[in-house]
Amino acid sequence: MEVPDPRLTTEPPLPVFTEEVRKNEQISWYRSPLPPGAFKRLHERSDLRAAVQTLGYLGILALTFTLAWVTFGRVPWWGTVLLVLLHGTVSSFLINGVHELGHGTVFRTKRWNDVFCHVLAFLGWINHEVFQASHVRHHRYTLHPPEDLEVVLPVPLMLRDFFLQGLFSWKDFKVNVFGAVRVALGKFRGEWELTLFPPGEPERRRAPVRWARLILLGHGLIIVTGLATGHWLLPVLLSLAPFYGGWLFWLCNNTQHIGLRDNVDDFRLCCRTFTLNPVVRFLYWQMNYHIEHHMFAAVPCYKLGELHGLIKKDLPPTPRGIVGVWREIAAILRTQQADPAYQHTPPLPG
């Protein structure tokens with residue numbers, strides 16, 4: 001197996017930990033072997049390929065916005081409603097763009113990662129400062145509570161969650177909008193936020209507080225402008241879009257860890273990879289290759305498919321498509337209803 005070049009690790013530095021969360025600091029994660037030369041090649045970033053992914057996604061977002069805007073009053077109301085929901089469907093993947101750009105691995109030029117991370121984070125009401133502080137820990141300590149509280153198993157899912165996410169997610173609205181108000185006031189709550197941003201370290205709180213205030217100011221101006229000019233559809237398409245039409249995002253994003261193992265040192269047992277058609281895979285920023293993303297977090301998203309091809313013989317069987325992966329997940333969830341302690345162990349090669 002090729003020895004990783006530490007210079008290619010571009011993840012942001014970890015925050016200072018309390019003694020309580022140091023016990024798993026040196027988790028020795030299993031990583032699949034790569035052919036000679038593949039490690040360096042996979043980690044090479046391209047501004048061109050990054051622009052195709054980032055500007056392509058923003059272009060689709062602009063297209064759905066335009067279609068909903070220009071058809072308003074010109075087609076039957078239900079036509080505009082469908083286009084608004086389509087715009088929300090695309091907007092719900094903003095968090096995946098923030099996730100990838102926040103890793104700093106999309107563009108070769110660091111400045112462009114930062115610029116577009118801020119653009120997508122603003123559109124999605126996402127406090128990228130809070131998210132990145134949490135997500136670095138999630139990668140280092142994946143599903144090892146209390147070091148990782150970003151995802152805690154078991155993940156309860158109900159069919160009604162899918163329909164609520166597909167229409168309007170009041171839960172996400174409260175977390176993002178009310179959360180922005182709370183953080184803008186300098187209030188951090190819950191075990192995880194207080195671990196990431198301790199009360200005794202105010203300097204670590206300044207960046208998320210500042211960004212929360214910018215989000216509120218920007219979206220406040222959008223809402224006031226839309227209402228003052230009579231263009232109420234403007235805030236619906238710009239400020240509310242991340243909170244409706246999220247059915248496809250729900251189906252994609254909830255596959256990542258649900259039903260799998262926690263407290264293991266093998267990403268193949270705690271993450272899930274599945275195949276997707278090229279269009280949805282593009283909207284999802286290639287995060288269906290989730291084992292690969294955790295194994296080699298500094299590999300750009302547009303190279304995860306290549307990485308999958310190199311190590312797939314060392315991975316569990318890969319479900320095909322959304323139907324295939326949810327058939328597998330549904331079977332696990334049925335077993336967990338009878339035995340809440342059950343965790344699925346994917347079969348590994350050899």
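Values in this text are rule-based calculations from the coordinates and carry no lab data. In this text, all values refer to a predicted model and were calculated from it rather than measured experimentally. With ideal geometry, Cβ positions are generated from the backbone for all residues, glycine too; neighbour counts draw on all protein chains shown.
Is it true that some residue in region 135-150 is in contact (Cβ under 8 Å) with a residue 12 or more places away in the chain, outside any helix (DSSP H, G or I), within 12 Å of the chain's Cα centre (by Cα) and surrounded by fewer than 21 Cβ atoms within 10 Å (Cβ to Cβ)? Scanning region 135-150 turns up at least one residue that is in contact (Cβ under 8 Å) with a residue 12 or more places away in the chain, outside any helix (DSSP H, G or I), within 12 Å of the chain's Cα centre (by Cα) and surrounded by fewer than 21 Cβ atoms within 10 Å (Cβ to Cβ). Scanning region 169-182 for residues that are touching a Leu at 6+ places or on another chain (Cβ under 9 Å) and either loosely packed, with under 15 Cβ neighbours inside 10 Å or among the hydroxyl-bearing types (Ser, Thr, Tyr) (or both) yields TRP170, LYS171, VAL181. Taken residue by residue, region 166-174 has at least one member that is of a type in the set (Phe, Trp, Tyr) and in a helix (DSSP H, G or I). In region 236-244 there is no residue that is outside any loop (DSSP other than H, G, I, E, B), within 19 Å of the chain's Cα centre (by Cα), closer than 30 Å to GLY350 by Cβ and in contact (Cβ under 8 Å) with a residue 40 or more places away in the chain. Going by what's in this entry, would PHE282 be described as within 14 Å of the chain's Cα centre (by Cα) and over 22 Å from VAL151 (Cα atoms)? For PHE282, the condition - within 14 Å of the chain's Cα centre (by Cα) and over 22 Å from VAL151 (Cα atoms) - is met. Among the candidates ALA212, ALA228, ALA207, ALA180, the residue that is part of a helix (DSSP H, G or I) and within 21 Å of PHE65 (Cβ to Cβ) is uniquely ALA228.
At least 2 residues being without any contact (Cβ under 8 Å) to a residue 60 or more places away in the chain and surrounded by 15 or more Cβ atoms within 10 Å (Cβ to Cβ) is the threshold, and among the helices (runs of 4 or more DSSP H) wholly inside region 262-350 those reaching it are 278-283, 290-295, 304-311. Would you please name the residue that is nearest to SER239 (Cα to Cα), looking only at residues in region 187-218 that are surrounded by 13 or more Cβ atoms within 10 Å (Cβ to Cβ) and of a type in the set (Gly, Ala, Ser)? Out of the qualifying residues, it is GLY218.
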